[in-house]
Amino acid sequence: MAEIPMEHGLILAGMLFVLGMIGVIVRRNIFFILLSIEIMLNAAGLAFVVAGARWGQADGQVMFIFILAMAAAEVSIGLALILQLYSRFKTVDVDAASELRG
């Protein structure tokens, strides 16, 4: 089985992270923002797995499991916030959340 060079895996992780960051900055729909955050978390997890595979350690996979657990918690809290935002303002636009202060 051919090994993928570490540089290629880290470049892919970096591109995924930048794609997620652009999604967070550009999008106004909270669903897409949560999806972009998930992409960023998975990119960080991929970087850990690639680095762990490079040195033959399982540490990268353990960190990826922690990242998945954190992503699951983020999604559950995020979806609860989306439900509250939608029930109050009948929209999932992030700009409507600025009215939550008053």
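Where a number appears in this text, it was derived from the coordinates with a stated rule and is not lab data. Model, not experiment: these values are computed from the prediction. Because the Cβ atoms are built from the backbone with ideal geometry, glycine has one as well, and the counts that use them run over all protein chains shown.
Pairing the Cα long axis of helix 30-54 with the longest principal axis of the chain, what angle in degrees results, from 0 to 90 and rounded to the nearest 10?
It is inclined by approximately 10 degrees.
Could you derive backbone 3J(HN,Hα) for segment 8-23 from the dihedral phi with the Karplus parameters 6.51, -1.76 and 1.60 (θ = phi - 60°), listing whole Hz in sequence and x where the residue is Gly or Pro?
Once θ is set to phi - 60°, the couplings for segment 8-23 become 5, x, 6, 5, 4, 4, x, 5, 5, 5, 5, 4, x, 5, 5, x Hz.
Project the alpha carbons of the chain onto their principal axes and report the range along each, largest first, in whole Å.
55, 24, 22
Near GLU38, within a Cβ-to-Cβ distance under 14 Å, what is the net charge of the other residues, with Lys and Arg +1 and Asp and Glu -1?
Here the count lands on 0.
Quick check: pseudo-label points 7 Å beyond the Cα along Cα→Cβ at SER98 and VAL75, how many nm apart are they?
Here the modelled spin labels are 3.0 nm apart.
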